[in-house]
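The values are calculated or read from the model by the stated rules, or taken from the named source; none is laboratory data. Keep in mind that what you see is a predicted model, and the values were worked out from it rather than measured. Cβ sites come from the backbone with ideal geometry, for glycine too, and all protein chains shown count toward neighbours.
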Amino acid sequence: MKKRLVLKPFVIPTIYSIFVVALIIGLFASINMGSDQNDENTYVSGTILDEQVPVVNITEEEVTINKPYMSENVKIGKNYYDYQDQEEDQKNSIIYHENTYMQNSGIDYIQDDVFEVVSILDGEVIEVEDKELLGKSVTIRHNNEIISVYQSLSEVAVKKGDKVTSGQVIGKSGTCELNKELNNHLHFELTVKGQLVDPENYFGKKISEIE
């Protein structure tokens with residue numbers, strides 16, 4: 001007669017425990033291996049709203065020169081004087097003051113109601129003045145040798161040394177002794193590389209397109 005194998009009471013639970021542990025280890029190993037093989041993404045700890053990580057990086061050359069106002073009702077009251085323009089066009093670019101004719105060195109923008117004046121580009125305010133003939137004025141130096149001047153303001157919202165951004169409100173339109181027949185307006189001048197230019201030829205252009 002064969003001997004009957006009798007297992008001690010603690011043997012079966014022990015074998016069962018070893019089997020369960022081995023199964024769990026095998027499952028974890030399989031999951032990790034599949035993750036390493038299939039996941040080719042690179043993960044970052046930041047979020048889209050993290051201010052320290054810009055979502056889009058715009059280079060200086062791609063920046064566009066904006067108009068010095070945002071109101072859709074603003075129009076040109078007096079043009080920039082261009083020596084190459086036809087005589088008829090030049091008539092609307094002459095300033096008459098105290099029996100003296102002067103060539104307009106900028107553009108005068110008009111609107112019946114007072115409108116907000118904004119910076120055309122990022123920059124630094126290098127001068128804030130209040131003169132009887134020109135009214136309140138703000139001068140801003142931008143990158144790439146560009147300087148913008150905003151005159152005939154009724155209010156000024158910046159001071160010398162302030163850093164401003166494109167589209168930031170720097171003041172409001174107003175009146176001045178020079179060109180007072182225009183009533184409420186903004187006199188705007190643009191200097192590029194040391195030369196006064198017609199601003200209308202530069203609005204909408206990228207910095208890289210300026211010669």
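Observations, loosely collected:
- Residues of region 192-211 satisfying the condition of being farther than 14 Å from Asp82 by Cα and not acidic (Asp, Glu): Val192, Lys193, Gly194, Tyr202, Phe203, Gly204, Lys205, Lys206, Ile207, Ser208, Ile210
- So Ile207, is it of a type in the set (A, V, I, L, M, F, W, C) and in contact (Cβ under 8 Å) with a residue 40 or more places away in the chain: yes
- Any hit, region 84-94, residues being within 29 Å of the chain's Cα centre (by Cα) and either surrounded by 13 or more Cβ atoms within 10 Å (Cβ to Cβ) or at pLDDT below 75 (or both): no
- Members of region 151-175 found to be in contact with a helix residue (DSSP H, G or I) (Cβ under 9 Å, 6 or more places away or on another chain) and crowded, with 18+ Cβ neighbours inside 10 Å, listed by number: Ser152
- Residue within region 180-193 that is among the acidic types (Asp, Glu) and assigned to a strand (DSSP E or B) present: yes
- Search result, residues across region 103-145 that are acidic (Asp, Glu) and farther than 15 Å from Gly161 by Cα: Asp108, Asp112, Asp113, Glu116, Asp130, Glu132, Glu145
- Test: residue in region 120-142 that is aliphatic (A, V, I, L, M), part of a strand (DSSP E or B) and within 22 Å of Ser208 (Cα to Cα): yes
- Residue that is farthest from the chain's Cα centre (by Cα), among those in region 172-203 that are small (Gly, Ala, Ser) and at negative phi: Gly174
- Filtering region 143-179 to residues that are closer than 20 Å to Leu196 by Cα, in contact with a Lys or Arg (Cβ under 6 Å, 6 or more places away or on another chain) and assigned to a strand (DSSP E or B) leaves only Ile147.
- Flag: Val118 does not match the condition of being over 17 Å from the mean Cα position of the chain (by Cα), buried (at least 19 other Cβ atoms within 10 Å of the Cβ), modelled with pLDDT of 95 or more and under 20 Å from Asn201 (Cβ atoms).
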